[in-house]
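Quick notes on the structure that follows.
The values are calculated or read from the model by the stated rules, or taken from the named source; none is laboratory data. Keep in mind that what you see is a predicted model, and the values were worked out from it rather than measured. Cβ atoms come from the backbone with ideal geometry, glycine included; neighbour counts cover every protein chain shown. Surface areas here come from the heavy atoms of the whole protein model, side chains and all, with no ligands, DNA or RNA. Shrake-Rupley method; radii C 1.70, N 1.55, O 1.52, S 1.80 Å.
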Amino acid sequence: MTRQELQLADNATALLLYGDLNRNLATIEEATGVTIQARGTTLTVSGLKHEVELAASAVTKLYELIKAGYPVYPADVAYALRILEASPKAKLKEIFLDKVYITAEQKVVSPKSINQKLYIDSIRQHDIVFGIGPAGTGKTYLAVAMAVAAYATKQVRTIILARPAVEAGERLGFLPGDLTQKVNPYLRPLHDALNDMLGHGKSADLIEQGIIEIAPLAFMRGRTLSNAFVILDEAQNTTREQMKMFLTRLGFGSKAVITGDVTQIDLPEEHRSGLIDAERTLKEIRGIAMSYFTDVDVVRHPLVQEIIRAYERKASQTRERAKPGRRG
């Protein structure tokens, strides 16, 4: 057991760090196993040596973030601890203070992990970026934020969001309504992200003006997409032919971000995922970036991270049993 005393210089900043009813400190205690005593601007951290070092590092770097004007919430504390546990020398200010966009509700959209920061930087530096990883890692949300920011700063004239209309255990033909009504449920997550960024009213106006287009992937065939920020979501459910079709739509002055989770493929078994094929085929091409995410990057409810890990363990065990010479 060891103890470390931290002296914070500014009382107002210290109170913001502690959070309402010391909620942020409680998050650190729960995540690291330490005990934190707060007296004014003095914190005493007690616990095992490696736990105290992690907690003290988090406190110090979160304090610097708040001094720089970043509003730290309990979720940010959890993200910070996750980052520092994996990379103790990580600079939280370089990650959290990279403001991608400020939403209609004045929420700052910024990276919450090292891989998210690398993803954002890749989108800035490359015209085609693949974001590959499990659900909840911010692949689509950050891409939409980058698209809206690019439109707001006049880097592009239009935003195009596409998804393959592939059923996850359902059949389109059995859904009620015409084609538009049938595919709308597949596009709902893209509408939700846009509404979060712009507000429902402005989002609807831009869609009505044709500045933002949300459509099934099939609607991209035969088009040339110039001066546009194009996002293909759920790309694991494209076929190889669909992926090639989409990538060859890109015109001058455009960017494309392709996101997907190769563990959630809903294609029939006879079809190979266009995302997996593109990853293998295009990875050596200059100007195309591959960004990867893991369960460490999950920014949803903490249980989502545990759920992803449980499924990954099960898949690993299944692969192990399927190896030649193994008998189940």
Per residue, the convex hull enclosing the alpha carbons of region 193-283 has a volume in Å³ of 120
Residue-normalised 222 nm signal for the chain, counting each DSSP H run of n ≥ 4 as -39,500 (n - 2.57), nearest 500 deg cm²/dmol, is -14000 deg cm²/dmol
Under the rule rounded for a/c under 1.5, else prolate if a/b exceeds b/c, else oblate, using alpha carbon gyration tensor axes a ≥ b ≥ c, region 5-45 is classed as oblate
Loop-resident GluC sites (Glu not before Pro) in region 245-295 with no more than 14 other Cβ atoms inside 10 Å, DSSP not H/G/I/E/B, are E269, E270, E284
Counting only protein heavy atoms and rolling a 1.4 Å probe, one gets per residue an accessible area for the chain in Å² of 54
For the chain, the longest principal axis of the Cα atoms and the Cα long axis of helix 179-198 enclose an angle in degrees, to the nearest 10, of 30
Taking a crude spin-label model, label points 7 Å out from Cα along the C-beta direction, the V304 to R280 distance in nm is 3.0
GNM on the chain, Cα springs under 10 Å; top mean-square fluctuation among R286, R272, R124 goes to R286
Once both label points are put 7 Å beyond Cα along the C-beta direction, the E269-K67 separation in nm becomes 6.1
The rounded separation in angstrom of the Cα centers of region 258-292 and region 16-75 is 40
Mean-square fluctuation maximum in Gaussian network of the chain, Cα pairs under 10 Å, restricted to M243, M220, M197, hits M220
PRE zone check, label point 7 Å out along Cα-to-Cβ of T42, amide N under 12 Å, scope region 1-29, hits 5-8
Note on the chain: the mean projected area of its alpha-carbon convex hull, in nm², is 21.3
For the chain, the accessible surface attributable to carbon and sulfur atoms (probe 1.4 angstrom, ligands and nucleic acids excluded) amounts in percent to 52
All alpha-carbon distances of region 1-111, grouped into 10 Å bins from 0, give the whole-percent distribution 14, 49, 30, 6, 0
Mean-square fluctuation maximum in Gaussian network of the chain, Cα pairs under 10 Å, restricted to A162, A26, A215, hits A26
Once Lys and Arg are counted +1 and Asp and Glu -1 for all other residues with Cβ under 13 Å from that of T60, the total becomes +2
For N195, the net charge from surrounding residues (Cβ-Cβ under 11 Å; K, R +1; D, E -1) works out to -1
Stokes-Einstein D for region 47-161 (4 °C, 1.567 mPa s, Kirkwood Rh from Cα pairs), in µm²/s, comes to 84
